[in-house]
1. For helix 19-33, report the angle its Cα long axis makes with the longest principal axis of the Cα atoms of the chain; keep it between 0 and 90° and round to the nearest 10°.
2. For the chain, set up a Gaussian network in which alpha carbons nearer than 10 Å are linked by springs, and say which option among GLY18, GLY40, GLY59 fluctuates the most.
3. Based on the Kirkwood radius over alpha-carbon pairs, what is the Stokes-Einstein translational diffusion coefficient of the range 19-87 at 20 °C with 1.002 mPa s viscosity, in µm²/s?
4. For the range 51-87 and the range 1-47, write down the distance between their C-alpha centroids in whole Å.
5. Roughly how big is the chain's charge dipole about its Cα centre, with Cβ charges of +1 (Lys, Arg) and -1 (Asp, Glu), in debye to the nearest 20?
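Read-outs: derived from the displayed coordinates by stated rules, not from any lab. Quick caveat: nothing in here was measured; it's all calculated off a predicted structure. Backbone-built Cβ (ideal geometry, glycine too); neighbour counts: all protein chains shown.
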Amino acid sequence: MARLGGDEFCLLLGQEPGHHHVQNALSRVTESLMQPVQWGTAQIPLSCSVGSSRYPNDGRSLEESLKAADVGLYSMKALRLSAITAH
């Protein structure tokens with residue numbers, strides 16, 4: 001895991017067969033990051049958005065892979081924002 005900058009991080013997974021492995025890993029990371037934080041007497045809800053890419057399907061270079069993950073990330077952020085504003 002590495003911090004890319006700001007509030008963006010990169011998690012590199014080893015070779016495992018199938019999309020299922022990636023989805024499980026992303027679900028575990030997302031669930032752990034979305035646990036509420038206790039601040040004094042207040043409980044603060046957290047959220048996160050995740051974008052992913054797979055080599056070589058989504059890019060043959062680091063830059064292409066990060067760009068593909070970024071597109072997914074901002075799509076998820078837009079979906080979350082539209083869900084919030086719809087309520």
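1. So the helix axis and the longest Cα principal axis differ by about 30 degrees.
2. GLY40
3. On the way: Rh = 13.9 Å.
Value of D from the Cα-based Kirkwood radius: 154 µm²/s.
4. 14 Å
5. Working: 7 positive and 8 negative charges, 23 e Å.
In total the dipole reaches around 120 debye.
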